[in-house]
Amino acid sequence: MAKHSAEVVIEGLKKILIKEKEGMDEEVQGIVEMFMAELQGGMAASHQHDPDAQRLERGFDFFKNKIFDKNPEFFEALAKKQQPRFLVIGCSDSRVNPPTILNFNLGEAFMSRNIGNMVPQFDQLRHAEIGSVIEYAVKHLEVANILVMGHSHCGGIERLMELPDPTLTHDFLDEWVKIGLPAKNKVLEQCNHLGTEEQKRLVEKESVKNSMANLLTYPFVRNAVVNGTITLRGGYYNFDSGTFQQWKLCTKPMP
Amino acid sequence: MGSQSYEEAIAALSKLLSDKADLGSVAAAKIKQLTAELEAAADPAKFDPVKRIETGFVSFKKEKFEKNPDLYGTLAKGQSPKFLVFACSDSRVCPSHILDFQPGEAFMVRNIANMVPPYDTTKYSGVGAAIEYAVMHLKVENIVVIGHSCCGGIKGLMSIPEDGTTASDFIEQWVSICAPAKNKVKSELTELSFAEQCTNCEKEAVNVSLGNLLTYPYVREAVVKKSVILKGAHYDFVNGKFDLWDLDFKITPTLAV
């Protein structure tokens, strides 16, 4: 990785220049300084033809200057340990980043993001990805809340509603979104009279509830819920109306 | 900070809220959020998740959603992110903070140790679905895999005993996706401490994931056509550094002799 080596060399050269300044031949000093400038230019030049790479570098510089460097105690404490109170399962959709929507600061929420914010049932063969996130959050971080967050105009739910589709097949997408089938079937059964768009909004919410129910198929989640150390929550962000609803799974018997 | 100072601060903030009826709603939401955080810090048992979520959304709505109607209006109609980002589930490495991503910029997958497994329709449908959707439907131009310092998942990988015994239901099975990175580090960097080996493994694992991306035919095709660039990155939150690198992938024609 050329960038690392360039940085190391520049730091080394700086030390030499400072140390040897008094005794160093002017010509040699000039050559060393020119070499340093070339290395630094080379580092910047490596992203010269890549505006997207520059976008990432700029984004980090903004964070570093405005936030990281201005809060050293906060970041020092965070570097030692994370103690998030939430595991949030959100959609991969670029418009619905849960920390943005719910104004979570760094350190507050352990995150899982996938198509359609789905939680499949416990399955060690097929679903180690989500299983490992839930396991780590519950057993190691001991989060007190799991929030499944759905949203309007979800592409994953849209695909679920289109199935079965003989005209277009996918390697992965269709099998994945079928996790939400119980939600779709329930809405179609109970709300057949509604239009497609209205049905989609309902399935988006029902799918969150379906995922919350699937969380209980993980023994470590079920035990924590029964013991009262974890609360399962659902949320729904509607970006047409700019609203957010939340609800939770009640485990106490109702009178 | 003794609990007395917390209580004084909470009392002062509550008084401010009740006295100043004309306080703007943004300031009011911020005060409520700060009060909730102080209450939680003073007495962890008092943390109210419902209030925290509610005030968090109100802040977002007032400070961002309502102040940028053009952006959010456009986003409501559709998304066209340029990036597919793989980042760790770790609460400290949220790309929207560390790379200042705005809504609409990055389609995101977050899992333990930001791993991309190889193409497998049985074992890894979640990741496969996200890659499929991002590359074929959203037509992202970059796939970025971001590793980070002090990664619990990588540490877990490096800690799996030589005989391969595992104690977890999922975690060790999942992180073993990047076993090639662990093997490389353990065999080539024997002189380094465990912590230093983990740091190296964090970066090597990103490269393993970049390689795994090429097992997806539509990714491979897009990379060859140069419509998608694969990038690796590492965020070091101990020293406040961010490294970014490209995957160099060429297909050279074979010579017929």
> Taking segment A:156-169, which residues are within 22 Å of A:ARG95 (Cβ to Cβ) and either in contact with a helix residue (DSSP H, G or I) (Cβ under 8 Å, 6 or more places away or on another chain) or not charged (D, E, K, R) (or both)?
Replying inline: A:GLY156, A:ILE157, A:GLU158, A:ARG159, A:LEU160, A:MET161
>> Please go through segment B:180-204 and give me each residue that is of a type in the set (Gly, Ala, Ser) and more than 14 Å from chain A (Cβ to nearest Cβ), ordered by number.
In response: B:ALA181, B:SER187, B:SER193
> Within segment B:134-145, restricting attention to residues that are touching a residue at least 12 places away in the same chain (Cβ under 8 Å) and open to solvent by 10 Å² or more (accessible area, probe 1.4 Å), which residue is nearest to B:ILE171 (Cα to Cα)?
Replying inline: B:VAL135
>> Among the numbered criteria (1) basic (Lys, Arg); (2) within 16 Å of A:ILE157 (Cβ to Cβ); (3) in a strand (DSSP E or B), which one does A:LYS200 miss?
In response: (3)
>> If a residue must be at the interface with chain B (Cβ under 7 Å from one of its Cβ atoms) and open to solvent by 10 Å² or more (accessible area, probe 1.4 Å), how many such residues does segment A:115-125 contain?
In response: 2
> So B:TRP174 fits all but one of (1) farther than 22 Å from B:GLY126 by Cα; (2) within 11 Å of another protein chain (Cβ to nearest Cβ); (3) not in a strand (DSSP E or B); (4) not aliphatic (A, V, I, L, M); what number is the exception?
Replying inline: (1)
> Within segment A:213-241, can you find the residues that are within 23 Å of A:PRO99 (Cβ to Cβ), facing another protein chain (nearest Cβ under 10 Å), at pLDDT 95 or above and not in a strand (DSSP E or B)?
Replying inline: none
> How many of the residues making up segment A:70-84 are open to solvent by less than 80 Å² (accessible area, probe 1.4 Å) and in a loop (DSSP other than H, G, I, E, B)?
Replying inline: 3
>> On the basis of being open to solvent by less than 30 Å² (accessible area, probe 1.4 Å), over 18 Å from the mean Cα position of the chain (by Cα) and closer than 24 Å to B:ASP90 by Cβ, does B:GLN173 make the cut?
In response: no
> Within segment B:52-82, how many residues are more than 7 Å from every other protein chain (Cβ to nearest Cβ), closer than 26 Å to A:PHE110 by Cβ and of a type in the set (A, V, I, L, M, F, W, C)?
Replying inline: 1
> Given (1) in contact (Cβ under 8 Å) with a residue 60 or more places away in the chain; (2) open to solvent by 20 Å² or more (accessible area, probe 1.4 Å), where does A:LEU87 come up short, assuming only one miss?
Replying inline: (2)
> Given (1) assigned to a helix (DSSP H, G or I); (2) at pLDDT 95 or above; (3) over 22 Å from the mean Cα position of the chain (by Cα), where does B:GLU204 come up short, assuming only one miss?
Replying inline: (3)
>> Going by what's in this entry, would A:LEU141 be described as among the aliphatic types (A, V, I, L, M), more than 21 Å from A:ASP93 (Cα to Cα) and without any contact (Cβ under 8 Å) to a residue 40 or more places away in the chain?
In response: no
> Between residues in segment A:183-198 that are outside the structural domain of A:LEU163 (by the TED database) and residues that are surrounded by fewer than 10 Cβ atoms within 10 Å (Cβ to Cβ), which pairs lie under 7 Å by C-beta distance while being six or more apart or on different chains?
Replying inline: none
>> Let me confirm something: among B:VAL145, B:VAL85, B:VAL109, which residue is under 18 Å from A:GLY90 (Cα atoms), under 14 Å from the mean Cα position of the chain (by Cα) and more than 8 Å from chain A (Cβ to nearest Cβ)?
In response: B:VAL85
> Which of the residues spanning segment A:51-65 are farther than 15 Å from B:GLN102 by Cα and at the interface with chain B (Cβ under 7 Å from one of its Cβ atoms)?
Replying inline: A:ALA53, A:LYS64
>> Kindly evaluate A:ALA128 against the criterion of being open to solvent by less than 10 Å² (accessible area, probe 1.4 Å) and without any contact (Cβ under 8 Å) to a residue 12 or more places away in the chain.
In response: yes
> Among the residues of segment A:156-171, which ones are facing chain B (nearest Cβ under 10 Å) and assigned to a helix (DSSP H, G or I)?
Replying inline: A:GLY156, A:ARG159
>> With the structure loaded, tell me whether A:SER112 is crowded, with 24+ Cβ neighbours inside 10 Å, within 8 Å of chain B (Cβ to nearest Cβ), at pLDDT 95 or above and outside any helix (DSSP H, G or I) or whether it fails that test.
In response: yes
> Exactly one of (1) at pLDDT below 95; (2) not in a loop (DSSP other than H, G, I, E, B) is unmet by A:ASN192. Its number?
Replying inline: (2)
> Across segment B:42-51, which residue is modelled with the lowest pLDDT among those that are more than 8 Å from every other protein chain (Cβ to nearest Cβ) and surrounded by 15 or more Cβ atoms within 10 Å (Cβ to Cβ)?
Replying inline: B:ALA42
> So which of B:GLY104, B:GLY153 is at the interface with chain A (Cβ under 8 Å from one of its Cβ atoms) and in contact with a Pro (Cβ under 7 Å, 6 or more places away or on another chain)?
Replying inline: B:GLY104
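The values are calculated or read from the model by the stated rules, or taken from the named source; none is laboratory data. Because the structure is predicted, anything quoted here is derived from the model rather than measured. Here Cβ is always computed from backbone atoms with ideal geometry, including for glycine, and neighbour counts include all displayed protein chains. Each accessible area value is taken on the protein alone, full model and side chains, heavy atoms only, with ligands, DNA and RNA left out. Shrake-Rupley method; radii C 1.70, N 1.55, O 1.52, S 1.80 Å.
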